[in-house]
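The structure under discussion appears below in the form of structure tokens.
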Ligand SMILES: [Zn+2]
């Protein structure tokens, strides 16, 4: 039996009005810290893996380059460059997360630059460099 579904839009909750200055509970701060730390560990593991892939590619280049024609060499060089730029990219993201953790300690992290509301923990965990809440981000993108 299907439930009547057309009541969903009618009973929409009014948005909670943010009157007092927005604060974040220490429990929430801890949650953000944990999320950021987990993210950093994840990125570090990814970084290590990429580095060992680079090492492997280099080893391949040294060991079985005897029978390579120019195309093989070109492909390997390209792969290696790809890996290196990936590694640099990951390192950049690690730095972002570390900076975020520092700012979190100073109390200046996780607030929307535009509306001043706290940015949800999940969003910060996914995008540690986020400076806008989802709503403001969407508004900014629409322009
Ligand atoms: Zn906002």
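The values are calculated or read from the model by the stated rules, or taken from the named source; none is laboratory data. Note that the structure is a prediction, hence the values are computed from the model and not measured. All Cβ positions, glycine included, derive from the backbone under ideal geometry; neighbour counts span all protein chains shown.
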Handout entry: Test for residue 88: is it surrounded by fewer than 13 Cβ atoms within 10 Å (Cβ to Cβ) and modelled with pLDDT of 90 or more
Key = yes
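Residue-wise test of (1) at pLDDT 90 or above; (2) under 26 Å from residue 112 (Cβ atoms); (3) exposed (fewer than 12 other Cβ atoms within 10 Å of the Cβ).
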position	(1), (2), (3)
20	no, yes, yes
39	yes, yes, no
43	yes, yes, no
53	yes, no, no
59	no, no, yes
67	no, no, yes
74	no, no, yes
77	no, no, no
Completion exercise
Filter segment 117-143 for residues that are assigned to a loop (DSSP other than H, G, I, E, B) and within 16 Å of residue 28 (Cβ to Cβ); the one that is farthest from the ligand (Cβ to nearest atom) is 128
Problem - Residue in segment 63-116 that is farthest from the chain's Cα centre (by Cα), counting only those that are touching a residue at least 60 places away in the same chain (Cβ under 8 Å) and part of a helix (DSSP H, G or I) - result: 104
